Amino acid sequence: MRPDMAYGSILRDEADIALVLDNAPWEGVTASELGQGQFQLYSKERDAPQGPVLLPEDQIEVLTLQQRWQQIHGQPLLVKARLPSWSLIADICSRSSEVGFLPDFLAKQENLYPVAWQPTPSNYRILALHRNVSPPLQKRLDQLLRLWKHTFKA
């Protein structure tokens, strides 16, 4: 989920737990770190040529990429399309020669490679957001969080 939507869902009691990729501090909820990773540009071609890229909708990581690109290249990053989903970008990149901005775990799932001509990747943390819960539920939640931590580190 987008972090802002996940945060709102937890605060409104519309969800018990949400997984987000984010670095922001959270107030009013517990944020348990499950893992870490990087956002960067990926392609199925190992030596993909520089060109327009597929980006998700504006998020802090996308804005950071665009700012770093401008600083390095002295011009705006060329955008082929903005898509509402990382999964959609990963799918398109795995079936074509497109270059897309993705979290590393999706790129690995689709056997994509980082492009050589990009700025420094952006780091993220994988967080589980949840409210304080009763001790019996917290015990079950702790088991789930341990399992997720193991999964994301693998």
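The values are calculated or read from the model by the stated rules, or taken from the named source; none is laboratory data. Predicted model, so just to flag it, every value in this text is computed and none were measured. All Cβ positions, even for glycine, are placed from backbone atoms using ideal geometry, and neighbour counts span all protein chains on display.
In segment 104-121, of all residues being of a type in the set (A, V, I, L, M) and either surrounded by fewer than 20 Cβ atoms within 10 Å (Cβ to Cβ) or out of contact with any strand residue (DSSP E or B) (no Cβ under 6 Å at 6 or more places or on another chain) (or both), the one that is farthest from Ala18 (Cα to Cα) corresponds to Ala116.
Remark: pairs (first residue in segment 91-108, under 17 Å from Glu61 (Cβ atoms); second residue loosely packed, with under 15 Cβ neighbours inside 10 Å and among the small types (Gly, Ala, Ser); Cβ separation under 8 Å; 6+ apart in sequence or on different chains) = Val99/Gly51; Leu106/Ser87.
Going by what's in this entry, would Ala15 be described as touching a strand residue (DSSP E or B) at 6+ places or on another chain (Cβ under 9 Å), without any contact (Cβ under 8 Å) to a residue 12 or more places away in the chain and among the small types (Gly, Ala, Ser)?
On the way: touching a strand residue (DSSP E or B) at 6+ places or on another chain (Cβ under 9 Å): yes; without any contact (Cβ under 8 Å) to a residue 12 or more places away in the chain: yes; among the small types (Gly, Ala, Ser): yes.
In short, yes.
Within segment 89-103, which residues are surrounded by 13 or more Cβ atoms within 10 Å (Cβ to Cβ) and within 13 Å of Lys44 (Cα to Cα)? Walk me through how you get there before you give the answer.
Narrowing segment 89-103 to residues surrounded by 13 or more Cβ atoms within 10 Å (Cβ to Cβ): 89-94, 96, 98-103.
Once the filter is applied, which keeps residues that are surrounded by 13 or more Cβ atoms within 10 Å (Cβ to Cβ) and within 13 Å of Lys44 (Cα to Cα), segment 89-103 yields Ile89, Ala90, Asp91, Ile92, Cys93, Ser94, Ser96, Glu98, Val99, Gly100, Phe101, Leu102.
Evaluate the following for Leu88: is it outside the structural domain of Ser9 (by TED's automatic domain parsing) and touching a helix residue (DSSP H, G or I) at 6+ places or on another chain (Cβ under 6 Å)? Lay out the reasoning, then the answer.
Numbers: outside the structural domain of Ser9 (by TED's automatic domain parsing): yes; touching a helix residue (DSSP H, G or I) at 6+ places or on another chain (Cβ under 6 Å): no.
When the stated conditions are applied, Leu88 does not pass them.
Let's see how each residue does on (1) under 27 Å from Ala6 (Cβ atoms); (2) buried (at least 18 other Cβ atoms within 10 Å of the Cβ); (3) modelled with pLDDT under 95:
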site: Pro76; (1), (2), (3): no, no, yes
site: Lys80; (1), (2), (3): no, no, no
site: Ser87; (1), (2), (3): yes, no, yes
site: Asn123; (1), (2), (3): yes, no, yes
site: Arg131; (1), (2), (3): yes, no, yes
site: Lys153; (1), (2), (3): yes, no, yes
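Annotation: of all residues in segment 25-50 being touching a Ser or Thr at 6+ places or on another chain (Cβ under 9 Å) and outside any strand (DSSP E or B), the one that is farthest from Tyr113 (Cα to Cα) is Pro49.
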